[in-house]
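For reference, the structure is listed below as C-alpha cells.
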4 protein chains.
Amino acid sequence: MTDRADAIAARIETFIRAEVIPYEKDPRTGAHGPSDELVQELRDKARKAGVLTPHILADGSHLTQRETAKALIKSGLSPLGPLACNTMAPDEGNMYLLGKVGTAEQKTRFLEPLVSGKARSAFFMTEPADAGGAGSDPSMMQTTCRLDGNHWVINGRKKFITGAEGAKVGIVMAKSEDGACMFLVDLPDPAIRTLRVLDTIDNSMPGGHAEIEIDNLRVPADQMLGASGDGFKYAQIRLSPARLSHCMRWLGLAIRANEIATDYACRRHAFGKALIDHEGVGFMLAENLIDLKQSELMIDWCADVLDTGSLGTAESSMAKVAVSEALMRIADRCVQVMGGTGVSGETIVEQAFREIRAFRIYDGPTEVHKWSLAKKIKRDWKTDQPSIPAA
Amino acid sequence: MTDRADAIAARIETFIRAEVIPYEKDPRTGAHGPSDELVQELRDKARKAGVLTPHILADGSHLTQRETAKALIKSGLSPLGPLACNTMAPDEGNMYLLGKVGTAEQKTRFLEPLVSGKARSAFFMTEPADAGGAGSDPSMMQTTCRLDGNHWVINGRKKFITGAEGAKVGIVMAKSEDGACMFLVDLPDPAIRTLRVLDTIDNSMPGGHAEIEIDNLRVPADQMLGASGDGFKYAQIRLSPARLSHCMRWLGLAIRANEIATDYACRRHAFGKALIDHEGVGFMLAENLIDLKQSELMIDWCADVLDTGSLGTAESSMAKVAVSEALMRIADRCVQVMGGTGVSGETIVEQAFREIRAFRIYDGPTEVHKWSLAKKIKRDWKTDQPSIPAA
Amino acid sequence: MTDRADAIAARIETFIRAEVIPYEKDPRTGAHGPSDELVQELRDKARKAGVLTPHILADGSHLTQRETAKALIKSGLSPLGPLACNTMAPDEGNMYLLGKVGTAEQKTRFLEPLVSGKARSAFFMTEPADAGGAGSDPSMMQTTCRLDGNHWVINGRKKFITGAEGAKVGIVMAKSEDGACMFLVDLPDPAIRTLRVLDTIDNSMPGGHAEIEIDNLRVPADQMLGASGDGFKYAQIRLSPARLSHCMRWLGLAIRANEIATDYACRRHAFGKALIDHEGVGFMLAENLIDLKQSELMIDWCADVLDTGSLGTAESSMAKVAVSEALMRIADRCVQVMGGTGVSGETIVEQAFREIRAFRIYDGPTEVHKWSLAKKIKRDWKTDQPSIPAA
Amino acid sequence: MTDRADAIAARIETFIRAEVIPYEKDPRTGAHGPSDELVQELRDKARKAGVLTPHILADGSHLTQRETAKALIKSGLSPLGPLACNTMAPDEGNMYLLGKVGTAEQKTRFLEPLVSGKARSAFFMTEPADAGGAGSDPSMMQTTCRLDGNHWVINGRKKFITGAEGAKVGIVMAKSEDGACMFLVDLPDPAIRTLRVLDTIDNSMPGGHAEIEIDNLRVPADQMLGASGDGFKYAQIRLSPARLSHCMRWLGLAIRANEIATDYACRRHAFGKALIDHEGVGFMLAENLIDLKQSELMIDWCADVLDTGSLGTAESSMAKVAVSEALMRIADRCVQVMGGTGVSGETIVEQAFREIRAFRIYDGPTEVHKWSLAKKIKRDWKTDQPSIPAA
C-alpha cells in the first residue's frame, strides 16, 4: 500500500473526528437524510481540510481500489462523513463511471461539478417491482427510450433512486431497440417527476430514496453515455467498484459503532463489574474484532482483484455478502451491549444498525449474490476450474 | 382453552383487521409514538366493538394467562392494536399489579380510569446507567423516598419511562430505609419533570420513552402501594406476566409481518418465477412458520405455568429469550424477502423489524436472562433438581 | 396427559438409569452398532422390568402419540435405551405400520415377533442416488416388482437400510404397474444380498445401515402389505409418527448429554472459578435449557395433531426441522462446554453429537422439509388459508 | 509471495492428489489414527517426491509463515497429507520450537530425526482437568520437576498428549521452583507410562491422544530446553505458529471436502434438477466459497503479523476462532449437501466433519480465545489503543 493512501486516510480520519462528528446531532438531518444546506456546509469544511473527493486526484486519476478502501473506510466513521468528503453513493460510482465512459465534453459538463463537490447526482436504474418491473432483476427493465430526430425520448418509472431529490446530474437507464442505454441529464427536469420520497429505515443519504416517473423526457443525442445497447456493459463497469465502496463506507461506520460500544462496556457497571468483564459482553466485543478484521480483509482482497483490471463480479458478490452480513452482526452486538442506550438516538449506534440493515438489501440482497455465486460454481465445475482460487 | 377466549380473540382480530389497520398510515403517529388524540379515537372504536381492555372482565377478574395470550396476540396484529384495545405496555402490567396489590380506594381512583381506557399510566422503575444507576440491574436503584409527616418525599432520576408523556397515573419506585417502595401518583405533577423524550428505534408506544427527574415529589402516605420495603416483591408479581404479555403482542406483530411477506413472495416475480418458488425465499418463509409456532408454544407453556400460581421467573426468562430472538429472526427474514420494499415504510414490516429489535432489550436484554438462568441451573444442580422438568 | 403414560415413563427412566447406562461401555457396541447378542441381553432386562415395547399395550393398542412421547423420550436417555426397550427405529415405525395395514395373518406372523422383542426388522425404501435412484426423492424409486403366477418378483437396489443385518422381518418397497407396493418378507433371504454395511458417523443402531441388492426375490402374493399401488399411501401413514419418534428418542439423548455437560460445568474449574460461572459456559447451558424445552413442546404439539387423526405431514416436517436443528445446537454446546472431554469417548456426549448429526439427514434432510413447507405455504396462500393456524 | 512457495505448494498438491489420496481407504488407519507403518510408507513416497518437511529448507531455515501457509494448506488436502509430508501437529510445532530454542547438540540429537521424517514427537503440556489440573488453563499445571544432582526428576500426569504412542522424542513441561520448564526426552521411557489412548471423535493423528503418567522420570540437566523457569516463554514462541498451522492444514481439508460436495451437487439430481440448481444447496456452496476465502485471508494476515517478528498472540487467537468456526460451517454444509452419503465413510467429508469438530477444541476452545481477546480489548481501551488496527 502506498504512502499517499495512508496520508490521505489519516487526514480524513482527523477531519471526521474533529469536524464532522460534532454535526451528528445537527437537526438538519431528517427522515430523508441530511439537507443539502448541511451537505454544502460540511463540504466547505472538507474542501478546506483537503479531504474533498479524496479518491480522485487533481489530474483526474483515481486512487487504486486498495488505496480507495483506506480513504473511504475513514470517511465512513461518521454517517455524515461520506457526504462531507464526497465519497458517498451514488456519486462515487457515478463519478467513476463518467470517468471511464464519458466523452471530454460530458466530463466537463457533468463530471466536474460532481468532483468539485458542488453538485450531487442520481443513478436511475432500479424499477418498481409492483409494475412487473425489475427489482433486483435488471433483465426486467421496462423504461424505454426511442430516437426522435436528434433527441431520445424516455418514458418509464424508477424506484429507490437514491439522492434524486436535490441532484443536479442524473444518469438514466432505459431500453432502446439495441438494448440498454444510459443518458446524462441535467436535473431537475419537469419531465422527471418525483412521485414520493420513500420513508426508509436508513436516513444517511441526502435526498433519500425516491420513486419517480419519467414522462417524455427528451435528451439530446450527445448526452447518451457511450453507445446504444451497451448500457449493461457500463453498468457492469460501475457495479463492482460501487458495490465495494458501499462495503468500505459501512465498515467505517461499524468501526465507529464498535468504538462506542467498547467505550460503553468499559465504563458502565452492572451486576458487580464493568460490562466488558461479563463474558456475555466481552465475547461480543471479541466477535466484533474478528468480524471487523475479516471485513477489512475481504475488501482489500476484492480491491486487489479489481486493481488487476478484472470486472470482479464474483469477488465483489462475495465481498458484499460477507461484509454486509458481518457488519450487521457487529451493529447488532453494539446495540445489544449498550442495552436501552443502544436502541436510542443518544449515539450513532442506533443509526448504524438501521443503515447497515438497509445495506444488506442495497446493491442486491444477499440472496441474489448467493444465487449468482451458485451459478458460477456450477459453470466452473463444468470447465473444471476452481471457483475462486482458494489458496 | 375456553371458548370465551376464542370468542374474544376472534372479535379482536376482526376489529384489528377492519378498523385499526387503516389507521397505520395516519400521520398522527410520530417518532415518539401515536398521539393521544389518535389513541382516544382508536379506543372509542374498540369500546364500540367490545374489545377494549378485553382481558379484564366486567367483574374486575382477569382472563387466565393462557386466555390472555389468545387475546393479546390478536391485538398485536397491528402496531396500533395494543393501544387501541388497551392491552399495551406498560398499562397492561400496571393494571395487573394494581388489581393484585391495590386497596379498594386505590383501585377506584387509579385503576378504574385505566381499565376504562380513559387514562394511560407509566411505571417509573429503570434509572439512567450513566449516573451509576440501575440499567438492567435493579439492585443499583438510587431514587430515594423518606417519610416527612404524612407524606413521602421522593427524589431521583428515571430513564426509559415508557408512556410518561401524557400519562395520568404513575407508579413510582424508590428506596426507603426499609427497602424498595412503590407509590401511586397523579400525573402530570410539577415535581416530575420530563428532561427529554428519547429518540428510539421503535415508535409504537404513545408518549415514547422519557428521561425524567423527580424533585421533592410529595406523595400522601395512603398512596403507597402495599407496604414499605416490599417494592421488589410487587415488582416480581408484575414481572413475569408483563414480560410474557410483551411476547404475546409482538408475536401478533410478527404474524402480521409474515403474512405481508408471504403475500409479497407469492405475488412478485424475479429471475423467472414467483419469489416464493426460489428456495432462498421459500425456505425463509418455512423457517418463519416454524419460529412462529415455537413462539406460540413457549408463550402458551409459560402462561400455563403462571396460571398455576407460580411466579414463573425462570420460565418467563426462557420465554422472553426464545420469543424475542425468534421474532427478530422472523422480522429480519420478512424484510429480506421483500427487498427494497422491506426496508421502506410502505408496509408495517419495516416498523415490525424496528419494534422487535427494541423488544430484545426491553424487560431485560437476552444476556441478562441467560445470566439468571445459568445461576438457576447451578442452584438446581446443587440440590439435584432438574432445572426445568424437561419432559 | 394420562397417568398411565407418566407411570410408564417413570418406569423406563428408572430402568435406563439403573440398568442400561452401565452397558454404555460394553465392547459389544462397534462401528456398526450394538451386536444382536447385546440387544437380546438388554431386552431380557427390559422384559423383566416391564418396559419392553412399552408403547404397545397388551391388547395390541398403542399409546396415543402424546403418551408415546413421554415414553420414548425416556427410552432415549441412553443410546442403548431404544433398542433395549424396543422403541427404536425402524422397528417402532414398522410395528406401527403393520398394526395399521397388516392382515390378521400378517400380524401373527410378522408383527408378533417384533412386539415381543424377539426379532428386529428393516424397511427397504431408500435407494442409492448414484444409480439415478431415489435418495430423498421417493418419486425416483427404481426397484420393481411384477406378478409371476402367485408370486411377486422383486429386483432392485436399496441403500441406507437401517438394521438390515440381523433383521428377521423386512418390509420391501417396489414399483408395480399400479404404482408403489409393499411386501413383508422373512429375513435373511438369499435373494437379498448385503453389498456392504456402510461406515457412518453414528453407531447406535444394531445392524448399521446397509446397501443391499435384491435379485429376483420371490414373495408369495399374500405377503403384499395392503393393495398394489397403494405403497406411498402406507408410507405416508408410517411417515409422520416415525419421524416424530426420531425426535422423541433423540430429545432423550440430548437431555442426557445436557445433564452430563451441566454436571461437568458445575464441578470443573478453570481461570479461577467453576466453568458454569463463566458466562461463556453458563449462557450455553441456558440456551440448552431453552432449546430442550422448545423441542419438547414441538413434539407434544405435533403428537397432539397426529392424535386427532391428521396425517400431520406439514406438522411433522416442522417438528423434524425444529427438533433436529435444536438438538444439534444442544449437542454441539455440550461438546464445547466439556472441551477435550467433550470430543472423547469418556462420556456419551461425543456419541450424542455424532448421532444427532446424522439425525439432521435421516428421514429427510432439513432442506427437503423446508422445500415441502414452502410449497405448502404457497398452496395455502392461493386458497387464503393460514399455513398453520399460528395462534 | 515468493515463487519458491508457489513451487513447493504445487508440488505438494500434485503429490497429495496422485499419491496420498489413494491411501485414504487403507485399513491401517484405525480409531487412534494411521499406524506408524503407514506413516513411514507415505513418508518414503513424500521423500521421493521432494515434499517431505517442505517448510524447512536444507540449511535448516524455515519458510516464512506466509509461505508455510501455502505449503501446509496443500498438505491438508488429505487427512493423511500432513503426516505424509511431515507437516502435522505436534511435530511441526515441536520442530519450530527446537529450531528456535535448542542448543546445537539438542538439535542434532532431537531435531534432526524429526526433520528427516524418521521420528515422531509429542508435546507433554496439557493435564487432566479432573485431577484439579490444567485443562485449557496453563496456570494450573501440576506436574513438577526438581533437581537431583545432575538430573531433573519429573512427576505428574498429562492428558490429550497427541502422538505420544509411537513417538521417539518428547518435550515435557513441568514446574520447578523457578517456574515452568521444558525437557527433551527420548521415547519410549519406562517412567512415562501410557494410561490409555483416548477414543476421540477425530482419527487423523498417528498415536491418537494419550493420557500418561510420569513417575520419577530422570532427565539429564543438559536436556532441559532453554532455562529453568522460562517454559511459558517458550510455549509462547511455539503457540501462535502452531495454532496457525492447525488453521492451515484444516483449511486444506475443508477445501477438499468442498470439492467433493460441489462435485456431488453438480452430478446428482433430486426433485427434478441437479442438486446445485436447488438454491437450498447452491446457497450452501456459495457460503462455503466465502468462508473458504475468509479463512485463507485470516491465515495470510496472521502469518504476515508473525513474519514481522510479533508473537501474534491476539492475532492468532482471532485467526483460530474465525478459521475453526468457518471450517466447521463448511464441513457441516458439505455433509448436509451430500445427505446420507455425507454422514457415511464413502468420502472423507464425514471424517473432515469430525476432525474439524475437534479442531474447535484443540489449541484452546473458541471461548478461551474470546475470553483473552476481551481482556485485551479492555487493556487497549485503558491505554487508548485500537485493539487491532482495524483498517
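Determine the equivalent ellipsoid of region B:121-226 by diagonalising the alpha-carbon gyration tensor, then write out the semi-axes as square roots of 5 times the eigenvalues, largest first, rounded to whole Å.
22, 16, 11
Quick check: Cα centre of region A:308-366 to Cα centre of region D:1-57, how many Å?
Their Cα centres are 42 Å away from one another.
Indicate the gyration tensor shape class of the protein assembly as shown (rounded, prolate or oblate), computed on the Cα atoms with a ≥ b ≥ c the square roots of the eigenvalues: a/c under 1.5 is rounded; otherwise a/b larger than b/c is prolate and the rest oblate.
Rounded, because the longest to shortest axis ratio a/c is under 1.5.
Using a label point 7 Å beyond Cα on the Cα-Cβ vector, give me the inter-copy distances for A:THR108 in nanometres, one decimal, shortest first.
Shortest to longest, the spacings are 8.2, 8.9, 10.6 nm.
What are the equivalent ellipsoid semi-axes of region C:253-309, built from the alpha-carbon gyration tensor (square roots of five times its eigenvalues), in whole angstrom, biggest first?
33, 10, 5
Which angle between 0 and 90 degrees, to the nearest 10, do you get for helix B:36-49 versus the longest principal axis of chain B when only C-alpha atoms count?
70 degrees
What are the semi-axes of the equivalent ellipsoid of region C:232-382, taken as the square roots of 5 times the eigenvalues of the Cα gyration tensor, listed largest first and rounded to whole Å?
Rounded to whole Å, the semi-axes are 34, 14, 13.
Compute, for region C:232-382, the length of the dipole vector about the Cα centre, with Cβ point charges of +1 (Lys, Arg) and -1 (Asp, Glu) only. Units Debye, rounded to 20.
The dipole magnitude comes to about 700 debye.
Under the definition of partner shielding as Cβ atoms of other protein chains within 10 Å of a residue Cβ, what is the mean value for peptide C:293-303? Numbers along the way, then the final one.
Working: counts 14, 9, 3, 6, 8, 4, 1, 3, 5, 1, 0.
So the per-residue partner count for this stretch is 5.
Leaving out same-chain residues fewer than 8 places away, which aspartates and glutamates sit with a Cα under 18 Å from that of B:LYS45?
Straight-distance partners of B:LYS45: B:GLU13, B:GLU19, B:GLU24, B:ASP26, B:ASP36, B:GLU37.
Dipole of region A:121-228, Cα-centred, from +1 at each Lys and Arg C-beta and -1 at each Asp and Glu C-beta, to the nearest 20 debye? Walk me through the numbers before you get to the answer.
Details: 9 positive and 15 negative charges, 17 e Å.
Rounded to the nearest 20 debye, it is 80 debye.
How large is the Rg to Rh ratio of chain A when both quantities use alpha carbon positions and Rh follows Kirkwood? List each step's numbers first, then the result.
Numbers: Rg = 21.1 Å, Rh = 21.6 Å.
With Rh from the inverse mean 1/r over Cα pairs, Rg/Rh is 0.98.
What are the extents of the Cα atoms of region A:1-86 along their three principal axes, in Å, largest first?
Principal axes ranked by extent give 39, 22, 22 Å for the Cα atoms.
Regarding region A:171-284, what's the average projected area of the Cα-atom convex hull, expressed in nm²?
10.8 nm²
Determine the principal axes of the Cα atoms in region D:346-387, then give the extent along each, sorted from largest to smallest and rounded to whole angstroms.
54, 15, 10
Give me the one-decimal nm value for the distance between modelled label points at B:ARG11 and D:ASP186, 7 Å along each residue's Cα-to-Cβ direction.
Inter-label distance under the simple model: 9.4 nm.
Taking the Cα centre as origin and putting +1 on Lys and Arg beta-carbons and -1 on Asp and Glu beta-carbons, what dipole magnitude results for the protein assembly as shown, to the nearest 20 debye?
0 debye
Of C:ILE348, C:ILE255, C:ASN203, which is farthest on the positive side of the dipole of chain C, counting Cα position, with +1 on Lys and Arg Cβ, -1 on Asp and Glu Cβ, and the Cα centre as origin?
C:ILE255
In degrees from 0 to 90, rounded to the nearest 10, what is the angle of the helix B:231-267 Cα long axis to the longest principal axis of chain B?
Compared with the principal axis, the helix lies near 20 degrees.
Taking the alpha-carbon centroid of each part, what is the distance from region C:373-389 to region C:201-250 in angstrom?
Cα centroid of region C:373-389 versus Cα centroid of region C:201-250: 30 Å apart.
Kindly express, to the nearest 10 degrees and within the range 0 to 90, the angle between helix C:3-15's C-alpha long axis and the longest C-alpha principal axis of chain C.
Rounded to the nearest ten degrees, it is 70.
Take the cross-link list B:LYS70/B:LYS159; C:LYS370/D:LYS370; A:LYS158/B:LYS273; A:LYS25/A:LYS48 and give me the ones stretching past 25 Å between alpha-carbons.
In this structure, B:LYS70/B:LYS159; C:LYS370/D:LYS370 lie more than 25 Å apart at Cα.
Need the full-extension length gain, C:GLU41 to C:ASP59, defined as separation in residues times 0.36 nm minus the C-alpha distance. One decimal, nm. Show your work: numbers first, answer last.
Values: separation 18, 0.36 × 18 = 6.48 nm, distance 2.54 nm.
The span from C:GLU41 to C:ASP59 would gain 3.9 nm if fully extended.
Per-residue ellipticity at 222 nm for chain B, helices alone: DSSP H runs ≥ 4 residues times -39500 (n - 2.57), over residue total, nearest 500 deg cm²/dmol?
-15500 deg cm²/dmol
FYI, it's all coordinate maths here, none of it is from the lab. Quantities reported herein were computed from a predicted structural model and do not represent experimental measurements. Glycine also receives a Cβ, built like all others from the backbone with ideal geometry; neighbour counts cover every protein chain displayed.
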